[in-house]
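The values are calculated or read from the model by the stated rules, or taken from the named source; none is laboratory data. It should be emphasised that the depicted structure is a prediction, and the values quoted were computed from it without experimental measurement. Cβ placement follows ideal geometry from the backbone for every residue including glycine, while neighbour counts extend to all protein chains displayed. For accessibility, only protein heavy atoms count, side chains too; no ligands or nucleic acids. Shrake-Rupley method; radii C 1.70, N 1.55, O 1.52, S 1.80 Å.
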Amino acid sequence: MTDPADTSYRIKRIEFCGRENVPIFCQNNNGPCPLLAILNVLSLRNQLDIPPNTTSLSTTRLMSMVAEKLLDTGSAASASAGGAARPGGVAASEWEANLRANIADCLEVLNKLATGVDVNIRFDHPLSLEPTREVAVFDLLGITLCHGWLVDPQDRTAASVLSKLSYNEAVELAVCHAPSSPAAAPATAGGVAAQGLPPAPDLAPLQQQSQQQPTGAPSQAGVETADLLGLGDEGTGSAGAAAAPSTSAPAAEAEAGAGAGPAAGGPDAGQLPPAAVAPSESLSRRAAAGALAHEWLMEHASQLTVYGLAALGDALQEHALAVFFRNNHFNALFKGAGGRLFLLVTDTGYLGESRVVWERLDGGDGDTQLCGPDFAPYVAPPPAPPSQGPRDHPALAALPPGALDGLSEADAAAIAEAAGALPPAAHHYSARGDETPPDAHAAHQADADLALAIQLQQEEEEAEERRQQAQRAQQQQAATASPQQQQQQQGRGGQQQ
């Protein structure tokens with residue numbers, strides 16, 4: 001098995017925004033798309049120094065280039081900080097220490113860029129993702145990581161459940177409370193694997209615990225999910241506000257506002273007062289929310305919605321470069337003139353095709369348009385005409401049908417070559433219309449000479465064929481003659497002598 005660190009990735013040279021020979025890295029089969037997407041954005045920004053004669057680079061070299069950029073970013077930020085305090089009243093020394101710690105964390109997970117990173121998107125904004133050390137690599141390099149898997153606010157029912165959830169939370173909700181059919185697993189519907197969005201956790205023990213709970217005592221996991229979604233009765237001081245803090249949803253707590261904590265003297269966070277919610281009603285509402293989350297994930301399994309595409313275009317500035325995440329794949333993205341979005345084509349199948357550089361991102365149905373370096377639609381060249389033999393020479397097109405029958409390919413090629421060397425026939429006449437151009441007489445004479453040469457060649461071949469047939473007939477007759485006839489013929493020959 002080949003070591004990923006020893007894998008090399010081909011370099012394609014393209015034109016981009018007036019610059020020629022801009023290097024981009026092409027994608028191998030299941031290659032490290034997070035690493036390549038980052039480097040392609042840096043290259044399109046003209047932030048990489050790659051010699052013009054370089055045709056490929058190894059994974060190790062690519063990761064070292066990212067590490068160098070991270071260290072350069074830290075050095076530049078430290079130099080610009082000076083002794084001034086940073087925003088929020090943080091001292092420059094403390095800010096620089098935090099920066100160094102973040103860079104160290106990013107360097108530790110740098111090897112994951114070559115195998116796949118964990119990205120937990122949220123459904124409320126194209127730039128909303130759960131902060132992780134892997135995502136911090138994009139942040140420190142100044143690269144926007146975005147997606148288009150958003151819930152439409154106009155779909156109030158789905159938005160009320162999913163707008164404040166991350167993918168992990170939505171999967172947990174769907175697995176816990178949606179129908180438990182194996183075919184209904186949202187993780188397979190969304191096409192999510194370990195390389196990209198994390199798969200749904202194993203919640204079978206929680207489901208068994210929920211089934212073992214008596215009707216009047218919902219499980220703690222169900223209570224936390226209800227609190228997170230705000231599905232409890234409002235005004236109770238617990239379920240009506242975002243209460244239970246969850247380690248898998250830190251952003252959900254921040255969006256809940258200052259009133260998220262429990263009221264003074266109230267119950268602890270994550271617990272409902274005895275009379276807060278009717279158990280049967282709470283369970284039914286959670287089941288409905290789980291079914292809705294499951295249905296929405298199945299319906300938008302392409303991980304791109306119409307609303308998400310429009311919101312992505314609004315979130316990016318014109319001529320902005322970013323990394324687009326979808327279906328466990330990372331692509332360099334560019335917002336061109338008129339707000340159109342384009343994905344960089346990095347498939348090795350187009351390595352030698354300089355006229356295929358971009359792909360229009362205009363829908364989730366897979367029916368996209370390839371574009372050239374100028375972002376104009378790519379038009380495939382017409383197929384090459386079939387190869388022509390000497391008999392297809394234009395100079396022989398005027399001959400009558402069957403004129404070349406019986407001729408060998410060599411003879412036909414010689415005649416075509418001779419005909420091609422002759423002056424072309426004249427097709428235009430004088431303006432008066434009653435005069436024949438001099439070239440027309442020469443062309444007519446050339447056609448006559450060519451026809452005569454072909455006729456003589458055919459007559460000679462026919463005569464030769466007749467002679468050969470007569471000779472074969474004589475030989476056959478001599479071979480079939482009886483011995484007596486041969487003696488008589490020999491005797492006659494002796495008498496004549």
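Matching residues to (1) open to solvent by 60 Å² or more (accessible area, probe 1.4 Å); (2) modelled with pLDDT of 70 or more; (3) hydrophobic (A, V, I, L, M, F, W, C); (4) closer than 23 Å to residue 408 by Cα:
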{"position": "443", "(1), (2), (3), (4)": "no, no, yes, no"}
{"position": "447", "(1), (2), (3), (4)": "yes, no, no, yes"}
{"position": "455", "(1), (2), (3), (4)": "yes, yes, no, yes"}
{"position": "468", "(1), (2), (3), (4)": "yes, yes, no, yes"}
{"position": "473", "(1), (2), (3), (4)": "no, yes, yes, no"}
{"position": "479", "(1), (2), (3), (4)": "yes, yes, yes, no"}
{"position": "487", "(1), (2), (3), (4)": "yes, no, no, no"}
{"position": "491", "(1), (2), (3), (4)": "no, no, no, no"}
{"position": "497", "(1), (2), (3), (4)": "yes, no, no, no"}
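Going by the structure shown, is residue 150 surrounded by 24 or more Cβ atoms within 10 Å (Cβ to Cβ) and either modelled with pLDDT of 95 or more or hydroxyl-bearing (Ser, Thr, Tyr) (or both)?
Yes; evaluated as a whole, the condition is true for this residue.
Pull out all pairs, ordered by first then second residue, where Cβ-Cβ is under 8 Å, the residues are six or more apart or on different chains, the first lies in segment 42-71 and is outside any helix (DSSP H, G or I), and the second is exposed (fewer than 12 other Cβ atoms within 10 Å of the Cβ) and of a type outside the set (Asp, Glu).
Taking only residues 6 or more apart or on different chains, the pairs are 46/19; 52/21.
Out of the residues in segment 320-330 that are more than 13 Å from residue 126 (Cβ to Cβ) and at pLDDT below 95, which is surrounded by the most Cβ atoms within 10 Å (Cβ to Cβ)?
Step by step, filter segment 320-330, then rank; the result is 330.
All but one of (1) of a type in the set (A, V, I, L, M); (2) under 19 Å from residue 329 (Cβ atoms); (3) open to solvent by 20 Å² or more (accessible area, probe 1.4 Å) hold for residue 143, so report the exception by its number.
Single failed check for residue 143: (3).
Go through segment 293-303 residue by residue and tally those that are closer than 14 Å to residue 361 by Cβ and surrounded by fewer than 22 Cβ atoms within 10 Å (Cβ to Cβ).
Here the count works out to 1.
Out of all the residues in segment 329-360, which are without any contact (Cβ under 8 Å) to a residue 60 or more places away in the chain and either hydrophobic (A, V, I, L, M, F, W, C) or in a loop (DSSP other than H, G, I, E, B) (or both)?
336, 337, 340, 341, 342, 343, 345, 352, 353, 355, 356, 358
Could you identify the single residue in 183, 170, 178, 204 that is modelled with pLDDT under 90, open to solvent by less than 20 Å² (accessible area, probe 1.4 Å), out of contact with any Cys (no Cβ under 6 Å at 6 or more places or on another chain) and of a type in the set (A, V, I, L, M)?
One residue alone meets the criteria, 178.
Would you kindly identify the helices (runs of 4 or more DSSP H) lying entirely within segment 98-183 that contain at least 3 residues that are over 28 Å from residue 62 (Cβ atoms) and out of contact with any Lys or Arg (no Cβ under 6 Å at 6 or more places or on another chain)?
Of the helices (runs of 4 or more DSSP H) lying wholly inside segment 98-183, those with at least 3 residues that are over 28 Å from residue 62 (Cβ atoms) and out of contact with any Lys or Arg (no Cβ under 6 Å at 6 or more places or on another chain) span 156-162, 167-177.
Based on what the data block shows, is residue 288 open to solvent by 10 Å² or more (accessible area, probe 1.4 Å), out of contact with any Leu (no Cβ under 7 Å at 6 or more places or on another chain), modelled with pLDDT under 95 and under 30 Å from residue 170 (Cβ atoms)?
Here the answer is yes, as residue 288 does meet what is asked.
Are any residues in segment 100-131 closer than 28 Å to residue 292 by Cα and over 24 Å from the mean Cα position of the chain (by Cα), and if so, which ones?
Result: 124, 130, 131.
I'd like the residue in segment 361-374 that is touching a strand residue (DSSP E or B) at 6+ places or on another chain (Cβ under 6 Å) and assigned to a loop (DSSP other than H, G, I, E, B) and, out of all such residues, is surrounded by the most Cβ atoms within 10 Å (Cβ to Cβ).
Ranking the qualifying residues of segment 361-374, first place goes to 361.
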